[in-house]
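The values are calculated or read from the model by the stated rules, or taken from the named source; none is laboratory data. This is a predicted model, so every value here is computed, not measured. A quick note on method: Cβ atoms are made from the backbone with ideal geometry, for glycine too, and the neighbour counts reach across all protein chains shown.
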Amino acid sequence: MSKIRVLIVDDAVVVRRIVSDVLSADPEIEVVGTAANGKLGLAKIELLKPDLVTMDIEMPEMDGLETLAALRKINRRLPVIMFSTLTQRGAATTLEALTLGANDYVTKPANVGSVAAAQQSLRDQLVPKIKALVNRFRPGPLAAKLPVKPHAPLVMRPLSKVEIVAIGVSTGGPNALCEVLLKIPANFPVPIVIVQHMPPMFTRLLAERLDKQSLIGVHEAEIGTRLQAGHAYLAPGDFHMIVKRDGTDVVLALHQGPPENSCRPAVDVLFRSVVEVYKASTLGVIMTGMGQDGLHGCEAIRAANGQILAQDEETSVVWGMPGFVARAGLADNILPLGEITAGITSRVMKGRMGATSNELLTAN
């Protein structure tokens, strides 16, 4: 397969050099050009036809958001990774960029003591995302389709009434969560707990944004919060989130144990704790994201006879997390993003007296 052609758009000479050096050192990647602002970047995209663009947010003359908006008017498929700062302004602007069509983001190394540390940070963050995003659109050996093993039909096993929905998501997650949560009605009868791989501050702003747009309450999780029906709880960046019994209540707990699957928060950590409390009454939902976080958690859900939904490949930004679950034969159903809310609601309403799933969906 030919090398992945990358264009770097950043106004800082030092950043362009460091990113270029890191990417050029990888045998699968070729840096085909650089640009100091968005206007030059758009011209070079047209000239060089890169496979992917890395783009700074804050640039003179034409910043990253303006450039992204202009690019998406003429090219919807070209993968774009934004460079963000670990600040409130950086987090808010990054979420806006994802809304405008950026595929993913990386955070700039903060307070690093050396160029070598900055390079290592980029190797860890940026290189895997470039390969995952480009190979999503380039069929070939690295993106070869493996067979998917659907689980046995639901009619062949007894199911418990769903008492909680646990969602795991990563790359492409903010937009996917918006698509799913905005369709959840205010009278939803169970709580929702979510792990979205994001740094601190990003998760708080994401929860606030989702809360403003959704009929249900969406909150960044806090220690000791009692789970309530019709509310969703998002794990804060850099903390694992778990659920545990407290008398007759179920409450949230947070800790900074070791990362799992190089992630904190980790989907596996949340899913295991949910199964310990809710057992077969768990509905796990695994959506777009790199890697395989959530696979072992879904194995635990399946072992407890809970239910699992996975997002399909076509609508996933990266079919890593849901792909591993689907290929392992753990998913009860593999659904496009637009059908996940209906899939969740139909299972939550099964066995409940009163409203049907359709009535629940249209109640508000």
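Within region 86-118, which residues are among the β-branched types (V, I, T), part of a helix (DSSP H, G or I) and modelled with pLDDT of 85 or more? Give the steps one after another, and end with the answer.
If we filter region 86-118 for residues that are among the β-branched types (V, I, T), which is where we start, we get 87, 93-94, 99, 106-107, 112, 115.
When the remaining residues are screened for being part of a helix (DSSP H, G or I), the result is 93-94, 99, 115.
Within region 86-118, T93, T94, T99 qualify.
Select from region 215-228 the residues that are outside any strand (DSSP E or B) and over 18 Å from S273 (Cα atoms) and list them in ascending order. Break it down into steps so the answer makes sense when it comes.
First, the residues of region 215-228 that are outside any strand (DSSP E or B): 215-216, 221-225, 227-228.
Hits for region 215-228 are L215, I216.
Looking at (1) in contact with a helix residue (DSSP H, G or I) (Cβ under 8 Å, 6 or more places away or on another chain); (2) aromatic (F, W, Y); (3) under 22 Å from S214 (Cβ atoms), which is the only condition F271 fails?
Exception for F271: condition (3).
Which residue is nearest to L133 (Cα to Cα), if the candidates are limited to region 321-344 and must be surrounded by 23 or more Cβ atoms within 10 Å (Cβ to Cβ) and of a type in the set (G, A, S)?
Checked region 321-344; the qualifying residue nearest to L133 (Cα to Cα) is G323.
Would you point out the residue of region 37-84, among those that are under 21 Å from T315 (Cα atoms) and of a type in the set (K, R), that is surrounded by the most Cβ atoms within 10 Å (Cβ to Cβ)?
The selected residue is R72.
Between a first residue in region 44-62 that is in the same structural domain as V9 (by TED's automatic domain parsing) and a second residue that is crowded, with 21+ Cβ neighbours inside 10 Å and among the acidic types (D, E), which pairs have beta carbons less than 7 Å apart while being 6 or more apart in sequence or on different chains?
So the pair list comes out as D56/D10.
Kindly indicate whether G247 is over 22 Å from M321 (Cβ atoms) and in the same structural domain as Q196 (by TED's automatic domain parsing). It would help to see each step written out before you state the result.
Values: over 22 Å from M321 (Cβ atoms): yes; in the same structural domain as Q196 (by TED's automatic domain parsing): yes.
So G247 passes the test.
Which ones in region 48-85 are assigned to a helix (DSSP H, G or I) and more than 23 Å from D21 (Cβ to Cβ)? So that I can check it myself, show each step before the final result.
Here is the first cut: in region 48-85, the residues assigned to a helix (DSSP H, G or I) are 48, 64-74.
Answer for region 48-85, where residues must be assigned to a helix (DSSP H, G or I) and more than 23 Å from D21 (Cβ to Cβ): L65, E66, T67, L68, A69, A70, L71, R72, K73, I74.
Testing K212 on (1) out of contact with any strand residue (DSSP E or B) (no Cβ under 8 Å at 6 or more places or on another chain); (2) within 20 Å of L283 (Cβ to Cβ); (3) not in a loop (DSSP other than H, G, I, E, B), one condition comes back false. Which one is that?
Going through the list (1) out of contact with any strand residue (DSSP E or B) (no Cβ under 8 Å at 6 or more places or on another chain); (2) within 20 Å of L283 (Cβ to Cβ); (3) not in a loop (DSSP other than H, G, I, E, B), K212 breaks only (2).
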